[in-house]
Amino acid sequence: MTSKELLLPAVIVKGLNDKLYEKRKTAALELERTIKDLCALGNLKQVEEIMILLEKDFLHGPNPNSKKGGLIGLAAVAIALGQGAGDYVGRLVPPVLSCFYDPDSRVRYYACESLYNIAKVTRSTTLPYFTKIFDDICKLSADPDLNVRNGADLLDRLVKDIITESPNFDVTKFISLLRERIHSNNQFVRSFVVQWVNLLNAVPQVDMLKYLPELLDGLFLILSDKNTDIRKMCDVRLAEFLKEIEDSANSVNFTAMANILVIHSQSADELTQKTALQWISRFLQLAGRQMLPFCAGFLSSILPCVAHTGDRLQEIREVAIAANRALMRLVTSDDDEITPEYLKKYDPLTKRFLSSGSEPETTAAATEVEFSEFHLQPIFDVLISNMLDKSVETRTAVLRWMLNLHNRVPMKMFLLADQLFPVLLKSLSDGSDNVIQLDLEVLAEISSSPAESRIKEHRSALLPSLPQPRPPAAPTGDVGVPLGGRDAHDMEPLKAAEKNHLTIYFTKFMTNLVSLFSTDRALLEERGTFIVRYLCTLLDPRDIYSAFAEILLQEEDLKFASNMVCNLNMILLTAFELFKLRNELKELETQESVDLFCALYQSWCHNAVATVSLCLLTQTYEHTSNLICQFGNVNVNALVLTEIDKLVQLIESPIFTYLRLQLLEPEKHRHLLKSLYGLLMLLPQTSAFTSLHNRLGCIPQAQTEVQQKKKEVESRRTRLLQRVDFEAMLRHFDKVQHKHSEEARELLLRDRRTPVQKS
């Protein structure tokens, strides 16, 4: 007799090896009765030998039918043993698990069925093999054979039941296994994993929020699966997790999940991106300033999304806007505190001084401060990288962020002004008015920020010997005479800037703005007026015009200087934003207004008609009449006549109402009358000539001799203007106009010398 026949009757051995399922089943039932009999006799050793026999002679053999018989035989032994089967799981489970990898799909299916029957009996005693069982079921869930997948699913349900009823289940160890499988690309495995996550979350004694950081990345990957059912299942699971987070915010590790959300909020999949942004938005509300270190990462995801258009992406855009608002609120004024360590790292002047090797000793307080401050640089880098984004919405969002940061952390933003300044200047050529407006607001914030003086205090406390930067001296004009009774140096825009708390960047900004207009003439023509007018609502128009005047005084391109003055003059005379400044110039009742007039006059001389209009505005009529008499030496071309035409139209406008009313007293304002007649003589007989001629015809007849010779009352205005050297101003006007004439003559000669190319 063979070893098989010694342990088992021949009929059982033959039946288990049969190719027909019914005969194998009959043999298994007979084996079950045999095992029960042996157990009743207490012959457990023979029972164990039978299990060894089934493993070696059936499961390890080459015949698939024998393997099937061995599998059903082991299941029969377990059923026969009943509660005692738990003592033999080491003999029952491993042999069955080895068949999960058999090349025959039917063997794999019977392995699932066999383990199902074994586990149904052994229950929690199979837990030592749970890791292997789970791993194998996970693989079988992606089996190409449908029956095998169904068998694995049935076994999986039983294992889940065993897990939920077992108090000794090692969740931590299982989560590690689940984390390895959750990144699979197979749809069946993904479905399998999500189901297990759902199961664990339903177990009362398992706190899945504790393990969520390990699983969140994989869940978001599954959310982007192409299978609709899997996406929906994962979407529901993530929504439930978010709800649980909201209910248990105090026990959630928000920081461990923040970077995962940053990654998936940039996903190409719309559902994944929207969900990640929703999580970010809720995290910002629930965790608050815990999320501050991740602000730059969140921002890099949010900014592109605020530009989404169309109904399909509208939800993403709305979620991104909500998240952006929450993120803005995260930064507060408390984050603007600067320690010596921060100054050493981010202040350019301090770094240059320290790099020279002459670092002085710092105070004890400075050395004891830990470097754990809010660092603006990462956020700033994200903003700069999105500043030139093709979307207007993104660019405006960036500029609003910059304004928000200037309000919340002005000192730290001021330390980055050198990096920000060139980008802002470049954006002044933007095609969107909203972008230009916000850009000017940021530039105005930099130019007028009180943070500069506070930073100087911090520098002085850190490095007492640190040299403070001095703004460069403003250039002086051609007129070497005191204007308005003051030294010309007193009229520097930088002096006004210091007095009005403007920073060193104000002059730099104004200089670069003029340079930008010079290189981009289309910008000057199309947006110049808009930019200057809006800038005058943000900063003091007096400072702006003083700076323009000082810069244009040194402009070498005379044609551009004339054009620029013409534009600035028209804005000065017509824009409602400059109403107050116009009134100050019209009255000239303060030394400051007289100084401004003198400063403007020097640059306005680049344009003869603009100079006349400025004098008419300031009611310096005697000088105006003398000025017009000098037009005989001016190159009065078509452009000049056109500008005089526009000036006549302005005289008829509400701006010069006071001037027209003064014509009712020709004796008192005889120089005004002479000035207007001078303009009339310069004009050809056009509609402007007719208009001005008709106006002068309305002047009343001269009054009595006594009234004509009546002295004007001495006023503050008269005393102030007596200090102005109008003769020097007139010489300056002649000198500048001579330059313009010489340049025009050279251009004409050059054009004549250039040979005409034949077509």
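For the condition closer than 25 Å to Leu242 by Cα, hydrophobic (A, V, I, L, M, F, W, C) and modelled with pLDDT under 95, Leu343 does not qualify. Out of everything in segment 732-752 that is open to solvent by less than 60 Å² (accessible area, probe 1.4 Å) and charged (D, E, K, R), what residue ends up being modelled with the highest pLDDT? That would be Asp734.
Across segment 617-659, the number of residues qualifying as open to solvent by 40 Å² or more (accessible area, probe 1.4 Å) and acidic (Asp, Glu) comes to 2.
State which residue is least open to solvent (accessible area, probe 1.4 Å) when the search covers only segment 96-127 and only residues that are over 23 Å from Asp161 (Cα atoms), charged (D, E, K, R) and touching a residue at least 40 places away in the same chain (Cβ under 8 Å). Looking at the filtered set, the residue picked out is Asp104. Scanning segment 569-590 for residues that are in contact with a Leu (Cβ under 8 Å, 6 or more places away or on another chain) and open to solvent by less than 20 Å² (accessible area, probe 1.4 Å) yields a total of 8. Every condition in (1) under 23 Å from Leu155 (Cβ atoms); (2) assigned to a helix (DSSP H, G or I) is met by Pro103 except one, and the failing one is (2). All conditions in (1) surrounded by 15 or more Cβ atoms within 10 Å (Cβ to Cβ); (2) modelled with pLDDT under 95; (3) not polar (S, T, N, Q) hold for Pro469, with the sole exception of (1). Within segment 252-262, being of a type in the set (Gly, Ala, Ser) and crowded, with 19+ Cβ neighbours inside 10 Å holds for one residue alone: Ala258.
How about segment 263-287: which of its residues are open to solvent by 20 Å² or more (accessible area, probe 1.4 Å) and part of a helix (DSSP H, G or I)? Selection gives Ile263, Glu270, Leu271, Gln273, Lys274, Gln278, Arg282, Gln285, Leu286.
Among residues of segment 512-530 that are closer than 17 Å to Asp433 by Cα, those with a beta-carbon under 7 Å from a residue that is open to solvent by less than 10 Å² (accessible area, probe 1.4 Å) and of a type in the set (Phe, Trp, Tyr) at least six positions away or on a different chain give the pairs Leu523/Phe517; Leu524/Phe517; Gly528/Phe517.
Out of all the residues in segment 309-347, which are more than 30 Å from Arg282 (Cβ to Cβ) and either over 24 Å from the mean Cα position of the chain (by Cα) or basic (Lys, Arg) (or both)? Matches in segment 309-347: Thr339, Pro340, Glu341, Leu343, Lys344, Lys345. Checked against (1) assigned to a helix (DSSP H, G or I); (2) open to solvent by less than 50 Å² (accessible area, probe 1.4 Å), Glu315 passes all but a single condition, namely (2). Checked against the criterion of being open to solvent by 50 Å² or more (accessible area, probe 1.4 Å), over 19 Å from Val121 (Cβ atoms) and not in a helix (DSSP H, G or I), the candidates Lys23, Lys19 yield just one match: Lys19. Quick check on segment 533-576: of everything there that is assigned to a helix (DSSP H, G or I) and touching a Pro at 6+ places or on another chain (Cβ under 7 Å), which residue is nearest to Thr507 (Cα to Cα)? Once the filter is applied, the top-ranked residue is Ala547. Among all positions in segment 487-502, there is no residue which is assigned to a helix (DSSP H, G or I), at pLDDT 50 or above and within 22 Å of Gln437 (Cα to Cα). Among the residues of segment 509-538, those that are small (Gly, Ala, Ser) and either closer than 24 Å to Asp418 by Cβ or open to solvent by less than 30 Å² (accessible area, probe 1.4 Å) (or both) comprise Ser515, Ser518, Gly528. Can you say whether Val636 is of a type outside the set (Phe, Trp, Tyr), under 25 Å from Ser741 (Cβ atoms) and not in a helix (DSSP H, G or I), as far as the supplied structure shows? In short, yes.
In segment 136-144, the count of residues that are within 25 Å of Ser224 (Cα to Cα), hydroxyl-bearing (Ser, Thr, Tyr) and open to solvent by less than 60 Å² (accessible area, probe 1.4 Å) is one or more. Here Lys45 passes the criteria (1) under 15 Å from Tyr110 (Cα atoms); (2) of a type in the set (Lys, Arg); (3) open to solvent by 50 Å² or more (accessible area, probe 1.4 Å) except the one numbered (1).
Yes/no per residue for (1) in contact with a Gly (Cβ under 9 Å, 6 or more places away or on another chain); (2) in a helix (DSSP H, G or I):
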residue: Ser124; (1), (2): yes, yes
residue: Pro128; (1), (2): yes, yes
residue: Ala152; (1), (2): no, yes
residue: Asn168; (1), (2): no, no
residue: Ser176; (1), (2): no, yes
residue: Glu180; (1), (2): no, yes
residue: Val194; (1), (2): no, yes
residue: Asn201; (1), (2): no, yes
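Residues of segment 539-563 that are open to solvent by 10 Å² or more (accessible area, probe 1.4 Å) and among the hydroxyl-bearing types (Ser, Thr, Tyr): Ser546, Ser562. Filtering Gly84, Gly61, Gly70 for residues that are more than 20 Å from Ser141 (Cα to Cα) and not in a helix (DSSP H, G or I) leaves a single hit, Gly61. Cβ separations smaller than 6 Å between residues 6+ apart or across chains give the following pairs from segment 162-173 residues that are of a type in the set (Ser, Thr, Tyr) to residues that are surrounded by 12 or more Cβ atoms within 10 Å (Cβ to Cβ): Thr164/Val203; Ser166/Ser124.
The values are calculated or read from the model by the stated rules, or taken from the named source; none is laboratory data. Bear in mind the structure is a predicted one, so any value in this text is a computation, not a measurement. Quick reminder, even Gly has a Cβ in these numbers, built from the backbone with ideal geometry, and neighbours come from all protein chains shown. Keep in mind that these areas ignore ligands, DNA and RNA; they rest on the heavy atoms of the full protein, side chains included. Shrake-Rupley method; radii C 1.70, N 1.55, O 1.52, S 1.80 Å.
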